[in-house]
């Protein structure tokens, strides 16, 4: 089945809005055995007619996003009905939903809003529980402008991601499943997350054993401080691939879920009934921010410190002044003292400490920009462990990489303790 | 001039990589008077030939990204040369650059890499100082497959954003400027950033006065906690638009630069020689993280506290236990005590404090999820000011909005003091 996506929206072409639909659809439709073969972005307006017409004979399924709303440039519905020569009819069910939503928002029904209840004859309404504009499904119809050739299956969806995404998951996937039945090979998908290894290193290790499983597809996605190995295949192949990945990277493979590393760390701490605190210099609160992005973090993360200035390191964490004077704030010695001082001050089971030079200024020959020391102190574990890295990247990526190493240092200790 | 963009890359269609080229190009080309009229994403491989062929007669300029590298699926150069019936010739200048880059990386020249020096006859090499694959410019040529019609101006660029973006700024913009000379109306562009107002409120106020300036274009872009008003026009119109925006929103308009709010805050503090500290509960370090994203933040932000647990609020910030017991941790009273306690503990000129319920759990009828108190204490300003908001959004957006309000509260105080 040949699938194409048409995204309408002048804002996508002007650079004010990033097109996140394509990536979402590409990833979400993979398990059905569907690939996006081509994607087109066009401005709001009449060009949607040409874009759909061009897809006739070239695509079996076309997903159109945007242009279903109430404003004057939302004319996807009308132009596609015209192209397929289908009359528009007011749909009672959609009208009821619109009236209900408007009454809740204390707003009047006007002609513009009413247009959203117009449905081309023969179309299926795709319920939108998250907004007033429903989606539409139009099965193949003869297209006069294409010499009577049949149109692709057309699926029209509203543009806002908070409406489109749940609709795709709940309404469009089952619909596509029935359209494709017997014509594609549905497959399971797993995204194996591997912390703090490079893409080429991961690929060199798992590519051969996973592809030799047989009929699987394999892809990689490099993020700051992790690689995601994407595998599509049968349930048996996915289980075998997980065995390969976890045997190859017993320390670094941490999840087959969609959540980033901080979720694994908070989950482990929660299950173990343990706590962590943070003392951050160069990452300036990012480790704390990531931990507190996880719902329920408050039970395992009572407090954190951002100790940028030297006197913050001495006052709050009890780092000895001599240590700072002798080794400098960016040193393994100070990092260890920060970690142990943080753990003691916060009275937590573990403490992470980071000190480094995020740049662009502040570097020297001995300690270049990008230098970072990352320490972990744990109750009853004696001296803190301290890692030394140099990340030669710009400031925000530096912070991201350092925070990833820190969270992973804690994760690796926790899995040995559990 | 009708401009189209073709992005090649299977990874864009699979969802593993977000297409950021389109937004970048759309925004960067606007001042030349160029709009992207249509954009197509296609997989690596032969389909690039069809995509370029389709644009003949429809577009005056086509920018193609990707497919110029050394691997076997990088065949944009060869297929376009074939379509235009142009022989490929090894270019001495490109070869020299490639040899130089390879010798620096201690790598051998192989046949695959050598392909990158092949240039279609009559093409202009667009220097790439950031990688081995140069860009190419092909002026209009007759296309046999299109009945001899002339091809658009074709600009081929490498796919990696770190190579494409500087090339566009430094090489492609002047080239497009000469192609378009006299055929488009170049215009200046300004992005006016307005904190903590809604898009409809901003539009209702400035739309009429700005459009009535005459030949200007106006757009809006809503972000978490701010609206960007984009204006294109002559230098005189831009200056007039800035006057309108700053008069309409004297408190909320903060910058016409590309940087977010934390940059304005750090700049103001730096100019004033003042300091700030932070006491964060519900935002969990995000305010500190944003401040420390700004190079040079260490001079104005000596320290911050993440005080999730009640005992962290009492120990570190000196919030009285009775206050917590009587009003709860999420209250105006506790927020004020956190701000003042933070300022005193950190000995800074200002202190921001945030306490709230990020959710999804922890809400009540009186204090629903999304409730937040945001306080600012300043040396010599008496009682801290405390704002109360309810943001009915998911956890990460809640943190973003609360951090934006906090930074803006400080910014508004600073501009009154400066």
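Would you confirm whether or not the range B:235-258 contains a residue that is within 14 Å of chain A (Cβ to nearest Cβ), at pLDDT below 90 and under 21 Å from residue B:400 (Cβ atoms)? Scanning the range B:235-258, I find at least one residue that is within 14 Å of chain A (Cβ to nearest Cβ), at pLDDT below 90 and under 21 Å from residue B:400 (Cβ atoms), so the answer is yes. Here is a check on your reading of the model: is residue A:395 closer than 21 Å to residue B:291 by Cα and at pLDDT below 95? So residue A:395 passes the test. In a residue-by-residue description of the range A:210-225, the property of being more than 17 Å from residue A:338 (Cα to Cα), assigned by TED's automatic domain parsing to the domain that holds residue A:332 and in a loop (DSSP other than H, G, I, E, B) applies to no position. Out of B:343, B:271, one residue alone is out of contact with any helix residue (DSSP H, G or I) (no Cβ under 8 Å at 6 or more places or on another chain) and buried (at least 24 other Cβ atoms within 10 Å of the Cβ). It is B:343.
Kindly indicate whether residue B:282 is in a helix (DSSP H, G or I), more than 15 Å from residue A:284 (Cβ to Cβ) and assigned by TED's automatic domain parsing to the domain that holds residue B:403. So residue B:282 fails the test.
Can we say residue B:344 is facing another protein chain (nearest Cβ under 7 Å), outside any loop (DSSP other than H, G, I, E, B) and at pLDDT 95 or above? In short, no. Does residue A:279 satisfy being touching a helix residue (DSSP H, G or I) at 6+ places or on another chain (Cβ under 6 Å) and more than 8 Å from every other protein chain (Cβ to nearest Cβ)? Against the criterion (touching a helix residue (DSSP H, G or I) at 6+ places or on another chain (Cβ under 6 Å) and more than 8 Å from every other protein chain (Cβ to nearest Cβ)), residue A:279 qualifies. Just name the residue that is farthest from residue A:315 (Cα to Cα) out of those in the range B:289-306 that are assigned to a loop (DSSP other than H, G, I, E, B), facing another protein chain (nearest Cβ under 7 Å) and touching a strand residue (DSSP E or B) at 6+ places or on another chain (Cβ under 9 Å). Among those that are assigned to a loop (DSSP other than H, G, I, E, B), facing another protein chain (nearest Cβ under 7 Å) and touching a strand residue (DSSP E or B) at 6+ places or on another chain (Cβ under 9 Å), it is B:301.
For the range B:1-100, please list each of the helices (runs of 4 or more DSSP H) lying entirely inside it that holds at least 1 residues being within 12 Å of chain A (Cβ to nearest Cβ), under 25 Å from residue B:177 (Cα atoms) and in contact with a helix residue (DSSP H, G or I) (Cβ under 7 Å, 6 or more places away or on another chain). In the range B:1-100, B:21-29 are the helices (runs of 4 or more DSSP H) which contain 1 or more residues that are within 12 Å of chain A (Cβ to nearest Cβ), under 25 Å from residue B:177 (Cα atoms) and in contact with a helix residue (DSSP H, G or I) (Cβ under 7 Å, 6 or more places away or on another chain).
Looking across the range A:307-339, the residues that are within 24 Å of residue A:364 (Cβ to Cβ), more than 7 Å from chain B (Cβ to nearest Cβ), free of Cβ contacts under 8 Å to residues at least 40 places away in the same chain and not in a helix (DSSP H, G or I) come down to A:319, A:320, A:328. Inspect the range B:196-218 for any residue being over 30 Å from residue B:396 (Cα atoms), surrounded by 19 or more Cβ atoms within 10 Å (Cβ to Cβ) and within 14 Å of another protein chain (Cβ to nearest Cβ) and give the result as yes or no. No, the range B:196-218 has no match at all. Of all the numbered requirements in (1) within 29 Å of residue B:51 (Cβ to Cβ); (2) assigned to a helix (DSSP H, G or I); (3) out of contact with any strand residue (DSSP E or B) (no Cβ under 7 Å at 6 or more places or on another chain), residue B:164 misses one, and that requirement is (3).
Take residue A:286 and decide whether it is at the interface with chain B (Cβ under 7 Å from one of its Cβ atoms), closer than 21 Å to residue A:196 by Cα and in contact (Cβ under 8 Å) with a residue 24 or more places away in the chain. Yes; evaluated as a whole, the condition is true for this residue.
The values are calculated or read from the model by the stated rules, or taken from the named source; none is laboratory data. Since we're looking at a predicted model, the values are computed, not measured. Here the Cβ is made from the backbone with ideal geometry for all residues, glycine too, and neighbour counts use every protein chain on show.
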